[in-house]
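Heads up, the thing below is written out as structure tokens.
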């Protein structure tokens with residue numbers, strides 16, 4: 001099966017920012033996205049963003065770009081790699097399911113609990129520790 005990379009971002013203490021959804025929407029338009037993006041960043045709950053990419057992704061560069069564009073906003077990223085259990089729908093990645101999404105969400109939960117990292121990668125492979133060491 002095809003593997004996907006899901007990036008889910010969550011603005012930390014989003015209530016301290018005025019019009020955070022608008023800020024996210026406007027700044028995310030200015031990013032140079034890789035060719036393998038299948039679902040662009042969508043906003044959910046006003047302060048969360050999510051995008052889906054087919055296959056592997058050199059995400060450190062993408063995360064750096066996003067952090068640069070959102071330089072005054074504190075944001076954490078959960079990156080999940082794995083399969084998606086249903087057909088890809090560009091309409092709403094938030095309603096999709098599968099290990100790639102579960103891994104991204106688990107990464108965000110780890111960040112909330114540990115609070116040492118701002119970006120965590122999770123997959124079903126043995127590469128997670130090496131990648132997270134580089135991200136740290």
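None of the figures in this text is laboratory data; all of them are computed from the coordinates on show. Here the structure is a predicted model, which means the values were calculated and not measured. Neighbour counts run over all protein chains shown; Cβ positions are idealised from the backbone, glycine included.
Taking the criterion of being surrounded by fewer than 15 Cβ atoms within 10 Å (Cβ to Cβ) and out of contact with any strand residue (DSSP E or B) (no Cβ under 6 Å at 6 or more places or on another chain), the residues of the range 87-104 that qualify are 87, 89, 91, 92, 95, 97. With respect to residue 124, determine if the residue is more than 23 Å from residue 31 (Cβ to Cβ), surrounded by fewer than 17 Cβ atoms within 10 Å (Cβ to Cβ) and in contact with a strand residue (DSSP E or B) (Cβ under 6 Å, 6 or more places away or on another chain). Yes: the conditions hold for residue 124. Counting only residues that are within 16 Å of residue 98 (Cα to Cα), in contact with a strand residue (DSSP E or B) (Cβ under 6 Å, 6 or more places away or on another chain) and surrounded by fewer than 18 Cβ atoms within 10 Å (Cβ to Cβ), the range 4-55 holds 2 of them. Hey, any hits in the range 11-23 for a residue that's closer than 21 Å to residue 132 by Cα and within 15 Å of the chain's Cα centre (by Cα)? Yes, that holds for at least one residue. None of 62, 134 is loosely packed, with under 11 Cβ neighbours inside 10 Å, in contact (Cβ under 8 Å) with a residue 24 or more places away in the chain and out of contact with any strand residue (DSSP E or B) (no Cβ under 6 Å at 6 or more places or on another chain) except 134. Of all residues in the range 4-23, those satisfying the criterion of being more than 17 Å from residue 119 (Cβ to Cβ) and in contact (Cβ under 8 Å) with a residue 12 or more places away in the chain are 4, 13, 14, 17, 20, 21, 23.
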